[in-house]
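Mind looking over this structure? Questions follow.
The values are calculated or read from the model by the stated rules, or taken from the named source; none is laboratory data. Just so it is clear, the model here is predicted, and its values are computed rather than measured. We place every Cβ from the backbone using ideal geometry, glycine too, and count neighbours over all the protein chains shown. Accessible surface is based on the protein model in full, side chains and every heavy atom, while ligands, DNA and RNA are left aside. Shrake-Rupley method; radii C 1.70, N 1.55, O 1.52, S 1.80 Å.
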Amino acid sequence: MEDLFGIPAPLLFGQLLLGLINGAFYAMLSLGLAVIFGLLNIVNMAHGALFMMGAFVAWLLLDKLGLGYWWALLLSPFIVGAFGVVLEKLFISRLYKLDHLYGLLLTFGLALVIEGVFRNEFGSSGLPYRIPPELAGSWDLDFMFLPIYRAWVVVFALVACLATWLVIEKTRLGAYLRAATENAPLVQAFGVNVPRMVTLTYGAGVALAALGGVLAAPIYSVNPQMGSNLIIVVFAVVVIGGMGSILGAVLTGFGLGIVEGMTKVFYPEASATVIFVIMVIVLLARPAGLFGRA
Amino acid sequence: MSDTAITAGSLPAPKAENAVAWGFSRAQFAALTAMIVFLAVAPFVLYPVFIMKLLCFALFALAFNLLIGYVGLLSFGHAAYFGMGGYIAGYSAKALGLSPELGILAGGVVAGLLGAVFGWVAIRRQGIYFAMITLALAQMVYFFCVQAPFTGGEDGIQAIPRGSFLGVVPLDRDMAMYWLVAGIFLGAFLLIHRIVHSPFGQVLKAIRENEPRTISLGYKTDQYKLVAFILSTALAGVAGATKSLVFGIATLTDVHWAMSGEVVLMTLVGGLGTTFGPVIGAAVIVTMQNYLAELGAWVTVIQGVIFVACVLAFRRGIIGELGNLLKVKL
């Protein structure tokens with residue numbers, strides 16, 4: 001087996017793959033955050049909790065109803081998205097006239113409630129979720145073994161991000177959305193039901209987080225803390241990328257995942273903090289973020 | 001701005017600054033007197049260690065309120081300074097054998113230095129970005145504390161000796177420790193009050209109300225924000241340092257993001273931007289945690305519900321509502 005930069009190739013590519021997978025989750029979550037922020041002007045602190053909920057709904061579908069991974073991939077985003085719609089209608093919609101920080105505080109409270117309820121119900125230890133048989137096993141790529149499921153996660157996340165980008169940039173609905181992000185009252189004056197669009201946007205952003213949760217379920221164990229640990233890193237990713245651009249969020253997410261994976265190879269002690277360090281550097285050099293508008 | 005601002009700035013402004021003494025209004029002076037009487041009587045009636053815990057968190061919330069209440073900056077990572085203060089005090093008392101007052105001072109200074117660096121980075125962005133950046137930076141501190149050798153990792157620093165105050169008064173007895181903690185709390189309370197009512201504090205409030213206008217008046221607002229951030233983080237460090245000496249333990253709990261959330265909750269419950277709100281808020285939350293401890297994770301749920309209720313229906317907090325009811329500023 002060959003060495004690259006003095007590192008055994010399987011280790012290097014293995015970490016690269018892990019980085020890509022983490023990057024896929026960063027991308028999907030920061031994409032959802034960016035879309036929600038664009039229209040609602042709210043940092044959705046509950047995003048991590050809803051990601052976790054997506055994974056738990058997948059687990060519950062299997063455990064209680066016997067519905068497997070493919071059903072979960074379809075149903076869980078819908079269920080959690082509908083839950084998001086209810087949250088928006090009941091709570092978040094009351095805050096649009098207030099300082100944005102109240103939205104942050106409210107969704108933080110919601111995150112505590114959701115996480116606490118799941119911890120009471122299922123404990124803090126993880127629940128296993130099996131990789132679907134169609135995606136089990138791995139390919140021998142000569143220089144490494146590629147677990148099929150991990151490749152699937154990366155490809156699927158890429159497709160999901162691309163689809164979101166296409167909807168926002170190339171469809172009429174997306175045009176309304178972008179217009180409302182710029183100037184909501186004007187769009188409403190043209191006869192578009194902006195409040196309903198806001199609600200559905202929140203639901204869609206949340207559904208994207210839940211989709212990430214389902215993808216994550218077979219990789220990480222399904223546990224109540226899986227979201228909160230991830231979301232803080234995602235906040236750093238969002239600060240680095242800037243929330244102005246959809247494609248920027250996706251690129252930053254994947255890029256930082258890879259950087260993190262490579263740090264695990266070359267300087268493992270810093271792997272937990274490298275994204276935060278990059279955030280500091282970006283803030284010093286380009287305060288608006290790599291893709292942000294000042 | 002009145003109802004949209006993050007602070008309780010919607011309170012009816014006092015008709016004149018009818019200050020009785022040291023910038024306290026009559027109502028505030030009455031409340032201050034009540035608080036001092038409580039501090040003097042409480043240890044004889046209630047369990048001193050509980051009161052000390054309460055005072056440490058009250059000081060933490062006061063420090064946090066200096067930023068959110070008077071500058072309008074929401075730091076979502078204040079646990080970093082609180083926890084770091086605790087580690088530094090614990091390390092200096094246990095490994096270096098420093099006296100408690102030096103340990104607490106060191107905790108405050110190191111937290112303030114950390115705050116200087118982080119504040120310098122974070123004030124480049126405003127509003128929600130500021131909150132996200134401070135949260136991310138605090139998470140970095142958390143991971144640092146998990147790995148760094150001097151913090152003891154998952155075990156934390158345990159069996160921290162309280163030592164003797166100024167090398168003379170041994171603090172092993174809870175009552176002796178109590179008077180030190182009460183003194184630190186009262187001193188910090190008055191210091192914060194003094195800062196807020198100084199010309200410097202007036203500029204901070206101007207930044208909170210309208211930063212572009214303050215800039216146009218010729219104030220370098222970034223410098224004011226940074227100094228306020230350093231003061232707030234140093235005081236949070238003092239609070240953490242004192243707490244670690246009281247309990248003889250410094251752990252990862254105090255640097256965890258959940259602690260950052262708790263101090264936000266305490267201040268919100270008490271009343272953002274009020275003088276006494278953070279103290280009352282800390283008292284309410286700490287008491288609640290004490291009585292509900294056996295409920296386990298439900299405490300998190302209850303805290304979340306309080307968060308939601310406060311934001312939706314109760315934005316002025318206890319003291320803000322009370323002040324509104326009595327038509328005074330507390």
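Does at least one position in the stretch B:88-103 carry a residue that is open to solvent by less than 10 Å² (accessible area, probe 1.4 Å), over 25 Å from B:Gly248 (Cβ atoms), assigned to a helix (DSSP H, G or I) and at pLDDT 90 or above?
no
State yes or no: is A:Val194 at pLDDT below 90 and of a type outside the set (Asp, Glu)?
Working: at pLDDT below 90: yes; of a type outside the set (Asp, Glu): yes.
Yes: the conditions hold for A:Val194.
Which of the helices (runs of 4 or more DSSP H) contained wholly in the stretch A:197-294 include at least 2 residues that are under 14 Å from the mean Cα position of the chain (by Cα)?
By residue number, A:226-241, A:246-266.
Just to be sure I understand the filter: pairs with C-beta atoms under 6 Å, separated by 6 or more residues or on different chains, first member in the stretch A:134-160 and farther than 24 Å from A:Ala209 by Cα, second member of a type in the set (Gly, Ala, Ser) and open to solvent by 30 Å² or more (accessible area, probe 1.4 Å). Which pairs pass?
From residues that are farther than 24 Å from A:Ala209 by Cα, the pairs are A:Phe145/A:Ser138; A:Leu146/A:Ser138.
For the stretch A:88-100, how many residues meet the condition of being at the interface with chain B (Cβ under 10 Å from one of its Cβ atoms) and open to solvent by 10 Å² or more (accessible area, probe 1.4 Å)?
Residues flagged as at the interface with chain B (Cβ under 10 Å from one of its Cβ atoms) and open to solvent by 10 Å² or more (accessible area, probe 1.4 Å) within the stretch A:88-100 amount to 7.
Please verify whether A:Tyr129 is buried (at least 20 other Cβ atoms within 10 Å of the Cβ) and modelled with pLDDT under 90, treating the condition exactly as stated.
yes
Which number in (1) within 14 Å of chain B (Cβ to nearest Cβ); (2) over 23 Å from A:Leu29 (Cα atoms); (3) open to solvent by 50 Å² or more (accessible area, probe 1.4 Å) marks the one condition that A:Leu141 misses?
(1) is the only condition that A:Leu141 fails.
Which is at pLDDT 90 or above, within 27 Å of B:Phe143 (Cα to Cα) and open to solvent by less than 30 Å² (accessible area, probe 1.4 Å), of A:Gly212, A:Gly289, A:Gly241?
Matching residue, one of A:Gly212, A:Gly289, A:Gly241: A:Gly212.
Within the stretch B:159-190, take every residue that is surrounded by fewer than 13 Cβ atoms within 10 Å (Cβ to Cβ) and under 15 Å from B:Ser244 (Cα atoms) and give me the one that is modelled with the highest pLDDT.
The selected residue is B:Ala159.
Among the candidates B:Tyr129, B:Tyr81, which residue alone is within 30 Å of B:Ile195 (Cα to Cα), more than 14 Å from chain A (Cβ to nearest Cβ), among the aromatic types (Phe, Trp, Tyr) and assigned to a helix (DSSP H, G or I)?
Among B:Tyr129, B:Tyr81, only B:Tyr81 is within 30 Å of B:Ile195 (Cα to Cα), more than 14 Å from chain A (Cβ to nearest Cβ), among the aromatic types (Phe, Trp, Tyr) and assigned to a helix (DSSP H, G or I).
Just to be sure I understand, how many residues within the stretch A:149-169 are loosely packed, with under 14 Cβ neighbours inside 10 Å and modelled with pLDDT of 90 or more?
Qualifying residue count, the stretch A:149-169: 5.
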